[in-house]
Structures are given as structure tokens and as C-alpha cells.
1. Taking the Cα centre of the chain as origin and charging only Cβ (+1 Lys, Arg; -1 Asp, Glu), how large is the dipole, in debye to the nearest 20?
2. Please state the shape class of segment 217-436: rounded when a/c is under 1.5, otherwise prolate if a/b exceeds b/c and oblate if not, all from the C-alpha gyration tensor.
3. So what is the calculated 222 nm ellipticity per residue for the chain, using -39500 (n - 2.57) for each DSSP H run with n of 4 or more, over all residues, to the nearest 500 deg cm²/dmol?
4. Run the simple label-point estimate for N458 and D352 please: 7 Å along Cα→C-beta, distance reported in nm.
5. Taking every DSSP beta bridge with both residues inside the chain, roughly what % is antiparallel (nearest 5)?
6. Give the relative contact order (percent, whole number) for the chain; include only Cα pairs under 8 Å separated by 6+ residues.
7. Hey, if you drop one equal point scatterer on each alpha-carbon of segment 148-202 and run the Debye formula without solvent, what base-10 log of I(q)/I(0) do you get at q = 0.14, 0.16, 0.21 Å⁻¹?
8. For segment 99-239, count all C-alpha to C-alpha pairs, find those more than 27 Å apart, and express that count as a whole percent of the total.
Amino acid sequence: MCPREPAAAAEDIQGTLVTRSEAGYERARSAAVWNERRPQRFPEVIVRAATEADVASAVTYARTRGLRISMYSGGHNWSGSPLRDRGLLLDLSALRECRIAPAAGDAPATATVQPAATGQELVAALTPRDLAFPVGHCPTVAVGGFLLSGGLGWNSRAWGASCADVLEIRAVTADGRTVTCSDTENPDLFWAARGAGPGFCAAVTRFRLALHPHPASLMTTSLTFPLTEVARVAEWAERTARGLPPYVETAFVLMPAGPRAGTAAAGPRITVAATAFATERSDALQALQPFADCPFGELATGRQPAAPTSFAALHEGAVSAWPPAHRYAADTLWSPENYATQLTRIAGAVADAPSGKSLVLSPVLPVSEHPALLRNMAFSPLGTSYLVCYAIWDDPAEDDTQTRWLREAMAAADPQDDGFHYIAETDLEADAARVRRSYTPAAWDRLQEIKAQWDPDNLFHSYLAP
């Protein structure tokens, strides 16, 4: 056990420092994971930073005491990566400043945000200024872990991975220095900060972001079919989505039987949802018209005609899909197969899910593959199709059953066990290969080189893996 430090380093921390022997430790430990299923891993010390200077003080504190560092901003990592045994947990959740710099002359508008600012808070700051950013789909996700992992946000098919709009970061490195990283300053660490996720080898204290004009017309529509129609629906919707403008985001949601989000009970089903982020209402309506003209629309058991929406309303819908105060396990799959193949493979597992709250989300073309929007980043899309499977439940007694269901469902989707993954949401506790297969081989090798250069003593915990 690490005793509380009596000397100046602890006194330099304006926030709080709690050890395992002190009151408040378990509350601080539990706060590190939004998921109610919290791993039984126990850091020796938890530091809740109140300022950026606290981050540097905490890094120095850990280094001089031989404690490895993990950290969190919002705690949404499903595998609980921030919780590690015997080290120092650096809690960044109080660092949530968000400042907007309006366009001036030739300089475009930018935002400077600290790591715990949430997508919901960023939307609230940007919308009145007629600005936007590809924030995460869930409103309470903090930008820190989201951007470090690449970021598959709203309208990413048009705007690219969210990390493509990161212009600059400030970070505290393993030797206690605070450095600025960009395309021209410490470019290797900047490259890693755009995709390395929970294995990033420094503590980011702020991001400077490029912003987009707010789409003048946001509209959404959806069709719901029995899950028995999964192959037909997936083949038609994928073909349709690939022919639409990039500002249309299309996604499949597969759900088991039972009521959800206040709806009446229904059997296993697949919903196709499309949202247009257009510059004109007429463009949005035209782009969404193919969903109204579905050639087998008479089979739909539910239909939402195209209607105006907003980022705030989209976030409200996400809360119903991923409710707080629940237990979660999740895994991802990038595959060379088409959506009809992938969704058909996993449909049987969805129909038999032990929890009616579980779901599979499968966005079509989830992120732009334009070379300019994939430049200088560790993140990259790794397949033709993409899906995320979520086990969602509330009874701790079901933990083993629900986790087993998730892994069996993913095995059905990836029978050769050779697919790729997305580091932000993959099942990091399943096997070590999932970490490595979240990157191209070249990107993985470069991440190891950057880690060795910037953190040669392995002060910052790397990826969670069994």
C-alpha cells in the first residue's frame, strides 16, 4: 500500500488525493467507470485534478513513488480501463472548460476544450453560435477518451473521424513536462493522440478543435422490420446508403423481443435509421426520400417519416438506447464482409439475447475514408462493414450470463476470429489480440516506437488486456 505523501508534492495538488485506507476511496474509485459493472481492480492512490497544474503534479508524484498511471475523463470505457491495480488513478473529470473562439478574418472558428467536457456540453456551446462538431452519439461521453480513440461521432461520414478536427493538444508527458503537440510541434505524439485511445502515453489536458458550420437542416427517418427480414433489409439499405450524399448517416439497430424506450412489446426487429445533416431542408428531404420509397415498405412494423431534429434531440434518443445506471459489456467488429452477411450472422444471437435491453448498432460507412480526413492519425477504418454489440442489463447476478452472450454473439459475427476492432469500445478483457487488431500493423508498430520514446519507463499504463 502506498502511504499518503507528507512532503511538498502532495501539497502542490489543489484537488484531492485519496489512498485506499482513507474514507471516500470507494466512492472515488466507482466514479471512474460510468458502467455499473465495475471491475474489481484497485489503484493505490486516486488524484482528482482541479487544475491543469495538478496533472503535472500528479505525474511527478506517481513517478517519484514508482506508481504507474491510469486516467479517465468521463469513465465511458466499457471495459473499465481506468481501473488498474496498485497504481495511481488520475481523475480528470473536473477539467471540463469549453471556450469558443469565433472566426476572425481568415481564421476559422475553433474550440478549446478540456478532457472532461461532454458532447452534450459542446453542443450547447456551439449551437447558439451556429457551429457544430462531430460529437459522440451518447451525450455524456467526455471528449478526452472519445477523441484519443479516434471518435466515430455524428456526421462522421461527411466530417471524418472526430480526431481529424483536433488541431492541437496540450499534454503532460512521463517526465513531467507540459508540451504542445500539433502537425508541426511534437508531431509523433500528436499522431498517436489521434487514435491511440487508452494506451496513449501522456495525459492530455486540453484539445484545440476545428469547427464546422451548423447544418441548416437536420432531419431523421426510420423503418422497423421483423428481424427475420434482416438479409433483405441490410442488402437494400446498404446499397441505398452508399448512393446517398455523405451528409446522410445511416445505421442499423438490431434488438431482441420486448418493450424498449416506452414502446409496446415487439418481437426481434431491425431498424434502419437515417439522419441528414444538410444545408437546405429540400436537400435533406430529397436525400431521405429513398427510405420512404422502400420497395418492401409494406413489411415494416414501424415507420417514422422524415422530420426535423437537432443534435440535442439526437442525444436524447441515445440516452434511451444506452440508459445510465445499467451494467454493460461491448465489443466491436470491422469486417471485409458486407452488412447483409454480418447482420445475418449475428441476428440469431440478438433474437436469443438474455436481456431485452441489449442491441447491435451497425452504422453504414461510419466514417469518411477520404485521404485528407485520415491524414496524420493512428486511427483508421479497418473494414467494409462495422458493428458494435452491447449487452445491457441491471442485475449483478447476470454478469456471467450476459458477458458470455456478448462473446458468443461476436464469435457468430466473426467465426474465423480474424476481424478488426475499434479501440474505444472493443472488449479489451476478451483477449490481447483485440488491442493489436484495432490498428493496422504499421500503425501498431509506430505506437510501440512512440511509447518507447516518450514513456521509456512505462509510467503510463498501456492497453488493458488479459
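1. So the dipole magnitude of the chain works out to roughly 340 debye.
2. oblate
3. Helices in the chain give a 222 nm mean residue ellipticity of -8000 deg cm²/dmol.
4. According to this spin-label approximation, the distance is 4.0 nm.
5. Antiparallel bridges: around 90 percent, rounded to the nearest 5.
6. Averaging sequence separation for qualifying contacts and normalising by length gives 16 percent for the chain.
7. Rounded to two decimals, the profile gives -0.38, -0.48, -0.75.
8. When every Cα pair of segment 99-239 is considered, 31 percent fall beyond 27 Å.
Throughout, read-outs are computed from the coordinates displayed, never taken from laboratory work. The structure presented is a predicted model; accordingly, all values stated were derived computationally and were not measured. Using ideal geometry, Cβ is built from the backbone for each residue, glycine included, and neighbour counts are taken over all protein chains shown.
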